[in-house]
Amino acid sequence: MTLSLNTKFLGNLVNDEDLKNISNEVYEAQKLLGSRSGAGNDFLGWVDLPEYYDKEEFERIKKAAKKIQDTCDVFIVIGIGGSYLGARAAIEFVKSPVYNNISNKKTPDVYFAGNSISASALSDLLKICEGKDICINVVSKSGTTTEPAIAFRVFRNLLEEKYGKDGAKERIFSTTDKAKGTLKKFSDENGYETFVVPDDVGGRFSVLTAVGLLPIAVAGIDIDAMMKGAQDARKAYADCDIDTNDCLKYVAIRNVLYRKNKSVEILAAYEPAVQMLCEWWKQLFGESEGKDGKGIFPSSVIFSTDLHSLGQFIQDGSRIMFETVLDIKNSNVELLIPNDPANVDKLNFLAGKDLDYVNHTAMLGTLFAHSDGNVPNIVLELKDRSEYSFGYLVYFFELACAISGYTLGVNPFNQPGVESYKKNMFALLGKEGYEELAGELSARINK
Ligand code: PA5
């Protein structure tokens, strides 16, 4: 089995009666999604995507990935939010968080730009590119998002200076809206190869479109296997029974907990390679559920690292949270702990033991400790960190997120709150059309 949900460490805050009581609401939410009649129903392209994706474009993605692999040392992926997190999550999850430092790999280094407004981050990347052959992939559905647009200007200039306009156009790939939007027009005018962010797929649900698939394929990851994982998850979570459908069960449990004042969900994993998946997950659930004064705040930890920082709070602080622990069953790495004749650390009892066994034992000990400390723990047991499992898990979370959002009574597919900072930023930067707001904000500053 690729993924299964274990409730052994949930504690007694969620009982069978609670699950039974909420199950009808979860089924209604599942039905609402299936009937495509709920709020945000013009953004449901991801539901059937694993099966009904554009096969011609999929082949083009593979070809472009091969061309990029053959022509560059460094591949820069420019994007933010949903146009960035999924690809990075996949590369770190399937390959490694230190993928770029793997010396004998045959694929380009992959760096991500345009996901902040930091001058030092961007200039560090420019330094990394010195003397290297570069390709870039600008990913922006709207084509006008400030952070990637600035980074795209900078890298486009770099490529045009280095390779000339004609040379640069062979190295610039753009992933954007199919027809509308300024980036599509600009890319066509300049002869860049373009890929599509489907109209009916929102950014945070787009990892299995060209948005994620091109960078993922460039890193040498088998995107067929990834799609197969998502296809199988789509089939596995189609039934309408909380007892057999772990996706519905996850939705039910987290909503019961929320109603019992557990307002923070911590996604915990014991592999650093999962850190960016956690970031992707936080965006998925945070942007989908956090609205209208509602929602579970998504946070994350990597253990055992964070047992030495946030562990104290989780064990003993305000009882506001529950944990969802991603237990990756098979690390596929054997690393035996050496014997030390001096035994200064008194750890010779572990000599000859596999580090993965110690990691899993740490997990077990922590599950007992945290659930004894009244932190309900949901455990998601995932077979491994293969591309197949990644695709499977992505679909599980996307589906859970959508059904959970409807159970909560929000539109899981919009993000009206994201606009507020942008308006203020544009007003303060003096963008045309924002004069009135600029006046209001400067009056507040000078008060
Ligand atoms: O999920 C979302 O919709 C957002 O995170 C967007 O992906 C992000 O704001 C980037 O937008 P765009 O792709 O239009 O540049």
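The values are calculated or read from the model by the stated rules, or taken from the named source; none is laboratory data. Since the model is a prediction, treat every value here as computed from it, not as a measurement. Neighbour counts run over all protein chains shown; Cβ positions are idealised from the backbone, glycine included.
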For region 1-90, which fully contained helices (runs of 4 or more DSSP H) count at least 1 residues that are surrounded by fewer than 16 Cβ atoms within 10 Å (Cβ to Cβ)? 16-35, 45-48, 55-71
Per the list (1) of a type in the set (Ser, Thr, Tyr); (2) within 16 Å of the ligand (Cβ to nearest atom); (3) part of a helix (DSSP H, G or I), residue check on residue 163 breaks on (2)
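Please state which one of 368, 313, 396, 390 is under 13 Å from residue 266 (Cβ atoms) and among the aromatic types (Phe, Trp, Tyr).
On the way: 368 fails: under 13 Å from residue 266 (Cβ atoms); 396 fails: under 13 Å from residue 266 (Cβ atoms); 390 fails: under 13 Å from residue 266 (Cβ atoms).
After applying the criteria, what remains is 313.
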Could you please let me know if residue 140 is within 16 Å of the ligand (Cβ to nearest atom), under 21 Å from the mean Cα position of the chain (by Cα) and surrounded by 19 or more Cβ atoms within 10 Å (Cβ to Cβ)? yes
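Please enumerate the residues belonging to region 76-113 that are within 16 Å of the ligand (Cβ to nearest atom) and more than 13 Å from residue 215 (Cβ to Cβ).
80, 81, 82
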Of everything in region 130-143, what is over 22 Å from residue 208 (Cα atoms), of a type outside the set (Lys, Arg) and in a loop (DSSP other than H, G, I, E, B)? Give them in sequence order. 130, 131, 133
Go through (1) basic (Lys, Arg); (2) modelled with pLDDT under 95; (3) not assigned by TED's automatic domain parsing to the domain that holds residue 111 one by one and return the number of the condition residue 234 breaks. (2)
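Return the total of residues in region 384-424 being charged (D, E, K, R) and within 15 Å of the ligand (Cβ to nearest atom).
4
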Residue 200 vs (1) surrounded by fewer than 17 Cβ atoms within 10 Å (Cβ to Cβ); (2) of a type in the set (D, E, K, R); (3) in a helix (DSSP H, G or I): all pass except (3)
Residue 184 versus (1) surrounded by fewer than 18 Cβ atoms within 10 Å (Cβ to Cβ); (2) over 21 Å from the mean Cα position of the chain (by Cα); (3) within 14 Å of the ligand (Cβ to nearest atom): which is the lone unmet condition? (1)
Taking the options 229, 220, 212, name whichever one is over 30 Å from residue 310 (Cβ atoms), among the small types (Gly, Ala, Ser), buried (at least 24 other Cβ atoms within 10 Å of the Cβ) and in contact with a Ser or Thr (Cβ under 7 Å, 6 or more places away or on another chain). 229
Considering each residue of region 249-307, count those that are assigned to a helix (DSSP H, G or I) and of a type in the set (A, V, I, L, M), and give that number. 11
Within region 180-197, is even one residue within 28 Å of residue 396 (Cβ to Cβ), among the β-branched types (Val, Ile, Thr) and in contact with a Leu (Cβ under 8 Å, 6 or more places away or on another chain)? no
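Suppose the filter is under 22 Å from residue 89 (Cβ atoms), at pLDDT below 95 and β-branched (Val, Ile, Thr); does residue 145 pass it?
Details: under 22 Å from residue 89 (Cβ atoms): yes; at pLDDT below 95: yes; β-branched (Val, Ile, Thr): yes.
In short, yes.
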Considering residues that are charged (D, E, K, R), out of contact with any Cys (no Cβ under 6 Å at 6 or more places or on another chain) and in contact (Cβ under 8 Å) with a residue 12 or more places away in the chain, the number found within region 85-142 is 8
Being within 12 Å of the ligand (Cβ to nearest atom) and in contact with a helix residue (DSSP H, G or I) (Cβ under 7 Å, 6 or more places away or on another chain) is the filter here, so list the residues in region 166-181 that pass it. 174, 175, 176, 177
Inspect region 93-105 for any residue being polar (S, T, N, Q) and under 27 Å from residue 145 (Cβ atoms) and give the result as yes or no. yes
Out of region 359-385, which residues are out of contact with any strand residue (DSSP E or B) (no Cβ under 9 Å at 6 or more places or on another chain) and not small (Gly, Ala, Ser)? 359, 361, 364, 368, 372, 374
Out of all the residues in region 385-408, is one or more surrounded by fewer than 16 Cβ atoms within 10 Å (Cβ to Cβ) and of a type outside the set (Phe, Trp, Tyr)? no
Restricted to region 187-230, and to residues that are β-branched (Val, Ile, Thr) and within 16 Å of the ligand (Cβ to nearest atom), which residue is nearest to the chain's Cα centre (by Cα)? 207
In region 258-294, what count of residues is obtained for those that are under 15 Å from the mean Cα position of the chain (by Cα) and either more than 15 Å from the ligand (Cβ to nearest atom) or basic (Lys, Arg) (or both)? 11
